[in-house]
Structure formats: structure tokens, C-alpha cells
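See below for the structure under consideration.
The values are calculated or read from the model by the stated rules, or taken from the named source; none is laboratory data. Worth saying up front: this structure is predicted, and the values here are computed from it rather than measured. All Cβ positions, even for glycine, are placed from backbone atoms using ideal geometry, and neighbour counts span all protein chains on display. What goes into the accessible areas is simple: the full protein's heavy atoms, side chains included, and nothing from ligands, DNA or RNA. Shrake-Rupley method; radii C 1.70, N 1.55, O 1.52, S 1.80 Å.
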Amino acid sequence: MTVADPAPLAITSGKDPRFAPSLYAHVGQDRSWTLDYFRGHGGYQGLRRAFAMGPDAVIDEVKKSGLRGRGGAGFPTGLKWSFMPLNDGKPHFIICNADESEPGSFKDRYLLSEDPHQLIEGMLIGGYAMRASVGYVYIRGEYVHAAERMWAAIEEARAAGLLGQNILGSGFDFQLYVHRGAGAYICGEETALMNSLEGLRANPRLKPPFPAAAGLYGLPTTINNVETFCAATQILKYGADWHAGMGTEKSKGMKLFQISGPVARPGVYELPLGTTFRELIYDWAGGPLEPIKAIIPGGSSCPMLRWDEATLDTPMDYEAIAAAGSMLGTGGVTLVPQADCIVDVTWNLVRFYAHESCGKCTPCREGISGWMVNMYAKLVRGRGVPGDVELILDMSENIGGRSFCALADACLGPVLSSIKLFREEYDVLAQTGQPMHPPRRRWKEA
Amino acid sequence: MNYFADKQLLVADIFSRYPDSPQGRRSALMPLLREVQDAEGFVSEARMAEIAALCGTTATEVRSVMSFYSTYHTLPTGRYHLQVCSTLMCSLAGSDELWDHLVSALDVQPGDVSADGRFSVQKVECLGSCGTAPVVQINDEGYYENVTRSKCDRLIAAMRADIPPLPDNPVPVTVREDGRQMTATGERVGASIHDRGPLPMPTRPGGEA
Amino acid sequence: MKVTVDGIQVDLPAGTSAIDAVFHAGRDVPYFCAHAYLSPVGACRMCLVEAGTPRKGKDGEFELDEATGQPRVFWMPKPMASCTMQATEGMHIRTARTSDVVAKAQAGMMEFTLLNHPLDCPTCDKGGACELQDRAFEYGYGASRYGFDRRHADKHYALSDFIILDQERCIHCKRCVRYFEEVPGQEVLDFIERGGHTFIDTEEGGLPVGFQGNIADICPVGALLDNVARFRGRNWEYDHTPTTCTLCPVGCSITVDARNGRLERVVAGENRDVNELWICDAGRFGHVFATEERLTVPLVRVGGELREATWDQAVEAMRQGFLGHGGNVGLYLNADSTLEEGAALVALAEAIGTASLDHWPRYAHTPMSTATLTDVATADAVVVLGADLGEEAPVVELRILEALRGGLLPPEFAHGTAIADLRLTERPSRTPEKLAVIGRESRLWGHAGIRVAASGPDALTRLARPDTPELQAALRLLEGAGKPVLILGADVLNGADAAFSAALGSLAGRVGAKVLALPAGANSRGLGGLNLVPGAGGMPYARLDGVGAAFISRLDPAAQGLPGRARGFTVVHDTHLTATAGLADVVLPAVTGYEKRGTTINLEGRLLPLTQAPLRAGEGADLIRALAAVAEALGIRPPVRGLRGAQTWLEGRYGLRLAELPAGGLLQPPRPAQDAATGTAHTPNLWKPRMVPHPERRGSGVLGREARTELWELPMAPAPRPGGDD
Amino acid sequence: MSVLDIAKGMGITLSKLFQKPVTVSYPEERATLQPRFRGRHVLTRHPAQRPGELGLEKCIGCSLCAAACPAYAIYVEAAENDPQHPTSPGERYAKVYEINMLRCIFCGLCEEACPTGAVVLGNEFEMADFRYRDLVYGKEDMLVGVDGSLPQRREAARSGKPVRVGFKVPEGARPELEGVEYPT
């Protein structure tokens, strides 16, 4: 049996008989991280096809596939690749952003540790298309296991002639290295990541110049998420049309959705873009274990959505979630239980952003790291006074869109959305000092 | 004593990953810090100066970079450095209680090392294992996931006996051997990519290989 | 490029930053992190403006607004940091003056900036001259809504002997970090930790001496302060005197801050052609000699002992002393004296008819210098020959480093130097291969791509006919460059002669290099041009024991191991009781370079004005007046009696018009100096012993009442009778 | 003018004739001052940490009083506190604090300018002296605890009697004059 060719009717459900998981097809299989397994399952065919097509055709293929960056911003990947200058005589770099630090996201860790060759192939394809000679996989420092698997896979690939000089007789030279981070969320920002890779403090850089013009070491550089490179592998292997046949009109392809919080089966599910929250939460994750009040749709920085029928029926794609007032982000869906105080939940996230602020610009360093976190701590400890919520809102206005990079805005996602959706909880806490939902035991005994 | 004096090969390997330029040398800073920390548990000032000399920069810059990242330590850590994720998903799964339990059971405060030199604890932000919360990372090694109270006690006992358990790396197997995913009800739905043959090799318009 | 700021249209060159467009239009935005000579980073977020640009349609023409027919402006959704945004054709900018959004954003940002600031302005030395203070008044809310404890950190943390850091006051603008990385190229200061805990520190056990003091100037708050001037006065109490530094031949623009007649602080002034905005540590901190242990009255030797005297008594003593020496009088002055002082001395020497006149330090022969400091900064190859710039002319070192990072001269606008030059980048890449250093090891070695250990004047001949691969590389560097500059220092110039000049001329001519021969003293180039050197039969400075009577102005030959006295009679004119003054028959009090009016010529031949700072100098007199006293003692009419007279003399003889110099100075064509043997070699040494600040000596010495007056003893008699009170 | 008017006027004169005189025979008697009377400055101290000790000086040597002074009567020179034996809280203290009482116009602007409430105008006004330099008051003449002006203290030292000030303040010194007591 072969999978039916894509029909004009969009595939927006993981249950669609035409939908086949590809990025995660091998995750969890026995010895899936070895080159032998990967080759035995059609590995490096996409790369061969890329070599046969030529670099420009590869970029066209990726453009045609409609692939958009899976790291959160959703920028069209093919377009991004085409920004790299051609024949400028300078070395080009590509970097895989595996600094997966957004609370709620955990897809890349499994891709790195269970299917590293898929990423290597994707980076080879990207490197070939963008005339890069060196690639770095920037893995966050805590992912030790993933980094080790990645290193081992690179060694294997190098030994097999898949990295190095004249790869597969194509005349293409490419080296790939792992660079481990050391615990900084800001490294997920591409220019901060480049600073970190250069051995500097991971402060974001000024843009322009954009990385495609002057990135790592001042040379043309492109940074993509792990999932993006892996998707490129699949696109080159199965064709742009196959990829473009999945998902919705503007959000094409499949996406790794992660779900965490009180659900029966938390984890990673590969589903076409446009799958509804309802399908993910109920059909795949087995439904919530307790009453839920909010959904964080794509990692902690995406504004929360209210748990209601309309939200559940929202398709998970870039446009529909944006229309609902949030972002697809990394696809890390988190459910917030009804019984937890929303101020406490938000405080946890604010504390996270305060801890991760790089300290470069004033609104983030002082506003988030200094003031916002104190305001929340005060509220949560029952010391709030009426007017505190207004103060937070006014402060947010002075932070939002004023900071150097998006981290401060990311913090405002949960803050503003939680105040908008659950103002009552804030007001009760600020006025009475008592949360509407008192703290409870959460730790499981066994 | 000079830490890297007898590790020329390792140092050369690290430098070989980056361009042979002053900027490229600088890139080796983080891997070298990681080497020292893995071996000694923390990075002392003497090591910072040593790394600075290797990377062609100053100790100030090394300290600056080092202090920026949260996983480098300037103070000695215990044999088992327990890092408890405290961000939302783990917090919702009870990591605050887990933390309190650890701190009282091990009798150690963050920044300190327990009297027997075994334990140090650190609250860290999201470790990227939200589906298997709560999570504890021990040393610069693997994760211990779904840490319930009883699992936590077992872990502590094992470390007290100096037989640390191997880290869990539970892989959420969402795609079955036949390449299809299974819904919560156990129903296998959708198709399998295994059944889809790869595309034929295209011929290049230009003709150059 | 037309840009509209608050409705004011200005015409600007392409590449201008929006912040410069705003200031050029005469409007204002607050900023902390931007700095004219540092790369823009956009960290403080104070300079927010609303910006909008017209868009081009498919036809390549601007989309027009249907109502007005003007290009339609598409406003950006959020305020932008103007220091990092490039102004583009047709851009519209709104500042806080016309935009409520910007006003609120800036007030909010000010609130954030002040959130953890200790607000200890009364104890802060920056108070009154603090950018944060000023901007808080202009753009802040006036009150903070922050109801929590402020961050606490180290408050008086000495980074070095010269610089003290207050971590609480720091607003993380990163100017100091960028300064060290970009200007002297030293990575010695950086942020530690991150987020709200970030603070500035060094791990190097102190800051490198050289140019560290500049961070005190550029810190927009009171976080980094001049430790020598610590608590010596408030900014509004100082008398600010802009003048020129005379410690070395660079002639940096400085501002002398004096209080109650004491020199308390020196800060850098801006001269875009000379020192830009930077001065060396010696110039900044080595000023204590101007206030410590000064000679304030003439001293006359009576019975083998120097005693305080009046000027009249000193003149009388000189009259006696000079008797019988006739024209056999030597006149010697320090090479940091002004042109006017030099003119007075030359005129007097002519009047007496003596050939024994000299300035020190100088070289026997000085090759012609053709390069300016701007040439150095924009050179594509620099070869430094036998110079220890740290001792001879420190700021030249900064200008060389400027060349190594691209030699970008900042553009100038109606408001002065561009505030944000978008061509500058953080952590700029340097090109050490453009610099060759031939000579003894010095600070510059670390930046040079080619280093050759050498000494003595034959280094030049070796460079012209290289015998080692390094020298060959240096020569190739010169030959291959379009705008090379050759810098010569004391090590080669000490032994230079006409043949050396010829060899130099031929090499420079062959490779097309400009030459910068560093003069030995601050004004050697100017005094040399006045031919203030021994004439035929005259005694040079090193042989002042060869004259019958000598007048020595602010020179200390005895401390140098040279003869400290003339054969017969010696008059010393100095600011301190030096070793030579201790040997003299008459000592006249002098004034320092900070207390003079006049003109000096720097190493590139630029006339630079000196102005007089109000320092307490007792009866100290400058050289012109001291020479007038000498003339009086000699019984001749002084040919030059005052500053105006000296300037008239100079104009008459050399055509120098010094009365109204522009603030930035005036470049003079090079004037050949007469050769004259010196008799001794010059060893450059920037930090003289009396310049080193001793913290325990600081203070005006105002005494308490008990020590000040004989409190209970009234000189009036009789004392009032007791018991009249009740 | 009628006779009646003259009688009225005389009546007032007559009635005053029998009133108690308002004249005070100063200096034999003390003059009565209001607490807000602006006389010689006092440099106040913070309360002592332990009984018997002197509190830290409030003055931090910021020179704002000198800046505010319209008569240029104040000269301040600051220095850094010895951390072990501080003179004032914080880093900075006034090493020299002088007010030229001949120049001072007792306007009180220094008090208003003072950020720490260190310089307060007290009620003493008897400062007549003979020499110019004795009228430049230093810290030792103005710190709280010093009774009387310089000539009064000189007189007291000579005669062996305590200082006697020629005024009283019925309501006591105002609260800003922390630690100052005037005869009531």
C-alpha cells in the first residue's frame, strides 16, 4: 500500500488516513539513533536528491513546500535561506538552534537524541543550499544525553563520508560540530545564540545587520530550529508537494505538538498544522485529568487562551491561533488546571523570565527582572493592594515593544493574557490577600 | 597545577571546531569551561585565568561569560549536584514540594554542600522535560523524570549509598513500529511514512554534477 | 536625504542615525548608552522616538497620500530606539515634544532606570553634572511607584588607585565596557552575572594604567568616578577652565577644574583633530603637582641659605649677582613653555647678546614632520620606530589603534560629533597586520602584527635595507600601503642628524609615507621653530656650567645628573623647590602650565591655546614676567613685557597670529628647526615624581579653630572685667 | 478736630501709662524669642546608637547649603569616612564646614536645601566679636552640644562660669533642632 497522493482537500487531522508521521516516525525505535538504522530506513536519500537538484533548486523546493520556521516565529524557511548571499567568496555558516528552553517545549530533545541523523541530513541539505561550509548544532547545556548522541552521530557520519570533504562525490564540503550552551534561555534568540557561540555573553545583537549578511564571526549565517531542519530532510525526501499537501492554506506541513499539564498522555505528537486543540487534547492526549481553565498554546510566552469550546475548536496553525489572540510558538501546549491560582501560575512564568533576562536593556532588566517579579511576589504573598493590577498593566505598557529583543514581550504574553482572562482572580487576591484558589498539594506520592 | 597542560589533544580538538582566528579561539571558551566543570565540579579563578590565556582573552571576560550562564559554578558543588526544575509545568506537578523535601532530607541549602560532601542543590529553570514533570537533573548528566515522592526517596537512598541510578531517558513512543500513531483510545490511525516510497532522483537542469 | 523631525525638515548625509537627525534638527532626546566615539548598542532604551517612512509602490515611486499629494508616511507600530536606527529618505520622526506615546515611553523608561538607583545625589561626585540627574528632571515622572527595596551592591569599590566604582549607581549603559574594548583595546572590564543582578567588575586586580581615567568622564552617572578628585568639590563649585595639556607634545584638550585656588580635577575636552575625547592617565591624574608644595614667594640666598624674599629683593639680589658677567648669561627654559614665553626669552637673549639659550628636552636634529594625527588615525599602515608612546605621546597610541579598527572619523553635525555613528560596531575587528613596531618592547607591542626588537638610530637604516624577515615585512607593509605613516620616537631621534633626515626623506619619499617625528617636549616643535637653541659659541642646557650666570626656568638639571649651577650666579625660576633650585642663588616662583595664557605647538604643528585656571600660586609669575625682572636686574629695558607684546613680536618675526585662535587650534606649516648639539640624550618619562597623587596629601588643609587662631587670646588690652554679665 | 477726639487720644495715652512695660532690660533679663527665630546655625546629629556615645553627624558634606546660600557665606569641604570610625552615615562627611557669620543673612535657605536636615538655624544671636576670623564659625562652633557663640564661650572659659545665653524660648527649641535645649 502506498500513501495516497495529496488531494486538494487539506489534511488537518492526525487521524486523516492520508497523514503519516514522518519527523517522529523513528523516535523511540530500537537503536534509531544509529547510522545503520537511519540508512536502513531511507536515510540520506533527501540529501542525495538535493545533490542531484543543485542548491538553488533545493531552496526553491523548500520555498514550494511552504515550510515555515518551527522555532516560534514562523518565518518562511525557503525565503530565509534565499537571503544568504551567493558567491560572495566568504565562508557561510548554518546553525541549528537546539537551545530548546521555552517552558512547555520538549520536542527537540527527542529529535536530537533519538534521530540525530535526520538533523544531520537536514543541516547538510541546508548547508548545501546556502553554500555553507560549517554548521553548528547549538544544544542547550542541560541536554547532555542529546548532545552525546548528536556527537556520536556526527562521528558516525564523518566516518561514513557524510561529513567532511566532497560528500557523496558531490564536491560539497561540510563540517558539523556540536556547541553546548550552558543555561540561558536568551540563547534561543538567534543573535544571542551567535554571541554565545562566539564565547561571549549571550546578549542579543543589533539588527541590522541581519545574520544572513553578518552573523557568526561577522559572516553570513542562517539559524533554524531543529524541527525546521528535520522537516527539510523530509521535504527533500518526499517532495515539496507532499509537504505542502498537509496543513492549511498558509500553514503547511506537519508539526510536533507537545502537550503537558494534567492530561492522561502528555508527550509529543506529530500532527498536521491545523489540527484542533480538541483533537490534540482529547483524541491524542487522552483528555484532561481535572477541570482546566486556560491553555497556553505554544510555549510559555504565548498568551493564554481561555478553556472553552471556541478555543478547543481552534485549529492549531499560525493564522488561526493568531486570530484567537495568541501564537503557535513552538507548539508546546500546556493546560492550566482550574484549581490553581492564575496569579501563582503567572508568577512562576514571570520569575522564569526575570531569571532569564540578559540584563542588556533597561525595560527587561529593571521592568521584568526588577519590578514585575516583585509585584507578583507581593501579590502572591497576599500583600497586594488594590491598584496593583493597574500598576502592572501600566508597567507592561512601558515594557511592551520598548525592549531590545523579544524576551520582555514574551514575559508580557502570560501577564497580559492572564489579567485579561482572569482579572477577577487578580482583584480578589489584591483586595483580600487570599487567592480564589488556595495552594494545594501537587506532588504525587508514587 | 595547570589543568590543560596534559590535555593538549583535547584542547586541540576543541579549537579545531572553530575558525582559526582570534574570534574562533574565543569560541572555545564555553567548551573549555565545561571541561573544567565536568572534571572539578566548579571553575576556580585559577582555571578562569588559564582558560583566558588559552582563548586569548582576559580573566574578566571569562568570569563575565561564565557568570552569565546558570550552569557554571564558581563554588564547589557536591558529588551529586541536584538541579530541580521549578518552572511552571514542573511546578504544577509539585516540584516546589519536591524541592522542600530535598532540602530538608539532604539538609543542604543552595550554594552549600552537605556535610558529607555528597550533595548540593540548585533550583533551575525549565529543563525541557515538561511532559514528564517533575524533573531532577543530577550533575551534568541525565534527567530523572516523573520524580514522585517515593522515587525521590529511592534516589536519595541510592546516592547516599553511592550507587547513583542511571538516568531515565523515557522516550515517548508515539509512533508505533508500523509507522502509525495511536490515539489515546489505543486506536491506530493515519498512515505510515514507511509505505511511502521516496521520490525519484531528479535530473539537474544545468547538468553539472 | 531629507528627514522630517517634529515637522522640521533637515537635509542629512545618508547613513545618519535617527538620533543625530533629531539633534541636528535642534530637537532633543534623552540617551545614556549612546556615545559619540563608541559603537551604538541600544541598551538604555531612552532615545525612543516614533518613526515613519514612506513606502515605495510597485512603480518604484513613493506611495502618495491622496489628500495632500505628499508621500504617505507609514508609522512603525512601536517607538524605536533612535540611536540604532538609520534615518532614511523621507523619514518622519516624532520626539517627546510632539508625541505623547514617546513622552510616556521615555518617562516610563526613566522610571525603570531609576528603579534601583540609590538616588544618593548629595554624596555623589557626579551630582550637578550627571546625565541621569538632568534627564530625570527633563523626562521623568518626578516620582517612582516602585515600592520595594532597592538593589544593594558594593558602593565604594576601588577598581584601581584612580577609579572608584559604585555598583549601585550603575545603569548598565555599558559605555565603560565598550570604551575599554573599542578604544584602548583592553578587555579588562565587563558585566558579571546577568539580568537584574548584573554588575560591573574586573578580574584583573586593577585597571591598566594608560587610559583608564576616561571611563570616569563617559560614565553618565556617578558609578565610575575619579578617585583622586573624590569628594574634593561639587561640580557647580569648580571653576572650569578649558585649556591644553602641556605634559606631552600631543596637546590634548582638557578642562581644568579648580576650587578655591586648588586644582582638584582634570577632565578631557573634545578636540576632534587631536585627542577626540580621550586623554591619558598622566594628563588626568598627574596634576597634583600644581597644588602641592608650591613655591609662592621668591627665595634669595643669604649667608649660604635660601630665605624668603620679596620680588624687589630678588631683583636686587639678581642685580648684584649678574654684575660682572656681562653677556655671559645662559637662558634655559623647559620645552613645555609657551611660544610667547619662548619669544620673550629669545628677545631677551638678543638684547643681552648671549648665544647661550636653550630649551629642554629637545633633540640635536629634528626631522620634518608632515603627518597629522588624523593622518595617523586614517592610515592604512603605521610603522612605529623607536618610540615608547606610553611615555612620549600616549594619545598617539589611541589614534594608531583607531587606524587598526578602520580609521573611521566621526561625522560632524550642527550639534557636534555624531552621537551614534552607525558604522561603529561592538567588539570591532582590528587589523594588527597594519601596524609594525620597531624598537623596545612597549604597550603597543600587543597590538602590532609585526614586532622587531631594535634600538638606536640605525633602526631606520635597517628598515630601509631590511636584514631580517620581520623588517622586510615592515618595509613591505609600508610599500604596499596607500597612506602609510612613519612614527619616530626618542630612541631613534636622540642620535638623529642631517644624514638621518636624508635617509628618512628618501625612504618616506619612496614609499609615499608621511612622517611624524615625536617632539621631545610639549612645545619643542614650537620653540625649535623660534630657533631657541644655542647659537655659535653658546652653551647648551647640558653645559650650563659653562656660562657665567644662568637663568633656568622650570628645569631641574641637578636631578638629571647634569651640572645644576652656572659658574658664577644662578637664578632658578620654578614652581617647586627642586634640587636645582636648592643650589641656586635666587629662586623665583613660577606658574604651571595650567596657569598660563599663551600658545603651544603640538607634535603635528597645531597652534593650541592655553588659558589660565584660577589656581593659587602666591607670587608666582610666568616666564615673561620673570624675564622682565631679569632684564630689570640686568639694567636693560625688557624687549617683551607681556603676553600681548610677545604675540606682537611673534607676528612681526614669524607671522604667527596667536591672538584669536579657533578652539580646535590651527595647523601650521612645518618650520625647520636649527640643528644644535644637546650634549645629553633625552629619556622620555611621562610620570614625573611630583605628579603621583598621594591620597593622604589631598585636602585644602583648612584647619580647625584651635589650630587656626589663638582662640582665647585677644590682642586687645585690657581684657573686659569679669562679672559684668549678671 | 474736636475736643472729644483729643480726649480720646489722651485716654489711650493714659491707659498705657498704667500698663506693664513691654521693654525687656536685656541683657540683664533674657529676651523672649519665638521658636522659629532664625539665629546661629546648629549642625545636628543622629541619635546615638548607645547611651553616652555621640550620634553620627547628619551632615554629609554635600555642599548644597553652600550652593543655596545667597550670601556665599558657607564653605564645605568633604572627605571620605573611615569605615571603622565614621563621622557620618554613608561614605562622605564634612571635613570642613564653615559659615561666615558676618556674611550670613540668616535667611534659612541652607536649612531648606539640606537633604539630611543637618544644618538648622537655631535661636542664638549673640555673636558680636572683635576679629573677622573669629566670626567664621567652623564645625566645632556649630555642632549640637556646643552652647553659646564663640565670644560667650570665651567669656565663660575666662570667668569659669557656664555659658549664659541672653534669650529664652518659652516653647522650647523647635523639633528640627534635634538635641538642642534652650532656656524656657
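Annotations for the structure displayed:
- Ranking A:Y44, C:S39, A:I223 by Cα position along the charge dipole of the protein assembly as shown, where only Lys, Arg, Asp and Glu carry charges on their C-beta atoms, puts C:S39 farthest toward the positive end.
- Annotation: lysines with alpha-carbon distance below 20 angstrom to A:K80 (same-chain offsets under eight excluded): A:K63, A:K64, A:K90, A:K207, A:K250, A:K252, A:K255.
- With all protein chains modelled, accessible area of C:E696 [1.4 Å, Å²]: 140
- Each Lys or Arg adds one and each Asp or Glu takes one away; over the other residues whose Cβ falls under 13 Å from the Cβ of C:E350, this sums to +2.
- The gain in end-to-end length when the C:L703 to C:L408 segment is fully stretched comes to 100.9 nm, 0.36 nm per residue minus the alpha carbon separation.
- Net charge of the neighbourhood of C:D11, taken over other residues with C-beta under 15 Å away and scored Lys/Arg +1, Asp/Glu -1, is -2.
- Neighbourhood charge, 14 Å Cβ-Cβ cut-off, centred on C:A677 and excluding it, Lys, Arg +1 and Asp, Glu -1: -1
- Built amide H within the under 5 Å cut-off of C:F74, gap 5+: C:T53, C:R55
- In this structure, A:N166 and A:A323 have a Cβ-Cβ separation that, at R0 = 51 Å, corresponds to a calculated FRET efficiency of about 0.55.
- Counting all C-alpha pairs of segment A:342-432, share separated by more than 16 Å (%): 45
- Per-pair calculated FRET efficiency, R0 = 51 Å: A:E397 and C:D545 via Cβ, rounded to 0.05: 0.05
- Student exercise, chain A dipole from Lys, Arg, Asp, Glu Cβ charges, in Debye to nearest 20: 480
- Long pairs among C:K434/C:K688; A:K360/B:K123; B:K123/C:K174; A:K107/A:K444; A:K420/C:K78; C:K2/C:K58, criterion Cα-Cα beyond 28 Å: C:K434/C:K688; B:K123/C:K174
- Options C:T202, C:N260, C:P672, ranked by Cα towards positive dipole end of chain C, top entry (Cβ charges): C:P672
- Model label points for A:A152 and D:F130, set 7 angstrom from Cα along the Cα-to-Cβ axis, are 10.2 nm apart.
- Total charge dipole magnitude, the protein assembly as shown, about the Cα centre, Cβ charges on Lys, Arg, Asp, Glu only, Debye to nearest 20: 1360
- Cβ distances below 4.7 Å define possible disulfide partners, and in chain B the cysteines left without one are B:C55, B:C126, B:C130, B:C152.
- Under 18 Å from a label point set 7 Å out along the Cα-to-Cβ vector of A:A339, no amide N atom of segment A:401-434 is found.
- Each of D:E29 and B:A157 was given a label point 7 Å from its Cα along the Cα-to-Cβ line. The distance between the two points is 9.7 nm.
- Distance from segment A:319-336 to segment C:516-555 (C-alpha centre basis), Å: 83
- Charge dipole (debye, nearest 20) of segment B:8-68; +1 at Cβ of Lys and Arg, -1 at Cβ of Asp and Glu: 180
- Placing unit charges on each Cβ (+1 for Lys and Arg, -1 for Asp and Glu) gives segment A:254-337 a dipole about its Cα centre, and among A:S300, A:M254, A:P272 the Cα reaching farthest toward its positive end belongs to A:S300.
- Scanning chain C for chymotrypsin sites (Phe, Trp or Tyr not before Pro) that sit in a DSSP loop and have at most 16 other Cβ atoms within 10 Å, the longest stretch containing none of them is C:237-686.
- Cross-link partners of D:K95 among aspartates and glutamates (Cα-Cα below 18 Å; sequence separation of 8 or more within a chain): C:D125, C:E237, C:E264, C:E696, C:E706, D:E57, D:E77, D:E80, D:D82, D:E140, D:D141
- Using a Förster distance of 41 Å, the FRET efficiency for B:D38-A:K444 (Cβ separation, nearest 0.05): 0.80
- Solvent-accessible area of C:K174 with every protein chain in place, 1.4 Å probe, in Å² to the nearest 10: 40
- Remark on D:V42: its backbone amide H falls under 5 Å from those of D:V120, D:L121, D:G122, a criterion applied only to residues 5 or more positions apart or on other chains, H modelled at 1.01 Å from N.
- Solvent-accessible surface ranking, highest first, for C:T683, C:T98, A:T276 at 1.4 angstrom: C:T683, C:T98, A:T276
- Whole-angstrom gap from segment D:1-79 to segment C:141-191, using each part's C-alpha centre: 47
- Average accessible surface area per residue within segment A:35-244, 1.4 Å rolling probe, Å²: 26
- Taking amide H as placed 1.01 Å from N in the peptide plane, A:A20 has its amide H under 5 Å from the amide H of B:A191, each at least 5 places away in sequence or on another chain.
- Straight-line reach from D:K8: taking Cα to Cα under 25 Å and skipping same-chain neighbours fewer than 8 places apart, the lysines in range are D:K16, D:K20.
- Counting only heavy atoms of the protein chains and using a 1.4 Å probe, B:D107 has close to 130 Å² of accessible surface.
- When the alpha carbon coordinates of segment C:275-404 are projected onto the principal axes, the ranges are 62, 36, 24 Å, largest first.
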